[in-house]
Amino acid sequence: MNLRAIATLSVAAIASVFAITESARAASLSFSDSIDLQRTNFTDEVLSVSQFDASLGTLTGVELAVSGLVQGSVKYESLDAVASTVTADVAALLEVSGGPSNEVLFQVEPTVVANESATAYDGVLDFNGSSGGRFTTDAGSETGLISYSDPEFLSFFTGTDTIELLVSATANSSVTGPGNLFANIQTEAGAEVVVTYQYDVFTPDTPDTPTASTPEPSTLLSLMALGGLGMVIRKRQIQA
């Protein structure tokens, strides 16, 4: 190999050392919205979340987490001649609709059960006293998660606007107990949605960023020396 070839090779090698490349880094971003507890049944309550801004990177997946809440308000009066237990089963089916085809994306059915003791009928139908009562159950919840990665959904969730998801709730509650029972139950439901965007961020690798192909300092100096030698010899050839 002549010195001119060596000089050319050394310059190319040095240039490759300082070449700027790009590397991908996984990241995520979440948005949420919620509907407070309200009386069922209801339809098309709106949850709004921001779309993924494509300037942040390349969207690779969407996770949709839906949490449903349910709570019941109960009043009862036992007319039985003996003591008994009154049981409230509170439930609501919540559906979340949307997406590119405006279809049902998710269903959750939170439930909660509460028990109350009642004596024999105390003679007064007032939902009070020892044979009656009024109470509000604790809130029951259920959460589900679904992921999307197909291009149609990724495109739907990409943009600089907001996406509307519609929530409907249908009560499925009951009060059971003695054969002679007056009871009433009011069901409330709510929901929260969290949308998490999984995406790749591309960042440039600079010469200061160590990589597996970066040569040792001694190797780099040798390459630079070869380059300098080639240029000196070339200059002498021109002068001759």
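The values are calculated or read from the model by the stated rules, or taken from the named source; none is laboratory data. Predicted model, so just to flag it, every value in this text is computed and none were measured. A quick note on method: Cβ atoms are made from the backbone with ideal geometry, for glycine too, and the neighbour counts reach across all protein chains shown.
Of note:
- If only residues of the range 151-179 that are of a type outside the set (Ser, Thr, Tyr) and within 24 Å of THR136 (Cβ to Cβ) are counted, the one that is farthest from the chain's Cα centre (by Cα) is PRO178.
- Among the candidates SER130, SER141, SER155, residue that is in contact (Cβ under 8 Å) with a residue 12 or more places away in the chain, assigned to a strand (DSSP E or B) and assigned by TED's automatic domain parsing to the domain that holds SER55: SER141
Results for (1) surrounded by fewer than 12 Cβ atoms within 10 Å (Cβ to Cβ); (2) closer than 21 Å to THR196 by Cα; (3) in contact (Cβ under 8 Å) with a residue 60 or more places away in the chain, shown as yes or no for each residue.
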site: ALA26; (1), (2), (3): yes, yes, yes
site: LEU29; (1), (2), (3): no, yes, yes
site: GLY57; (1), (2), (3): no, yes, yes
site: ASP80; (1), (2), (3): no, no, yes
site: SER97; (1), (2), (3): no, yes, yes
site: VAL112; (1), (2), (3): no, no, no
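- If you go through the range 60-105 and keep only what is of a type in the set (S, T, N, Q) and outside any strand (DSSP E or B), you end up with SER101, ASN102.
- Single match in VAL86, VAL49, VAL74 (criterion: crowded, with 17+ Cβ neighbours inside 10 Å, modelled with pLDDT of 95 or more and within 30 Å of PRO151 (Cβ to Cβ)): VAL49
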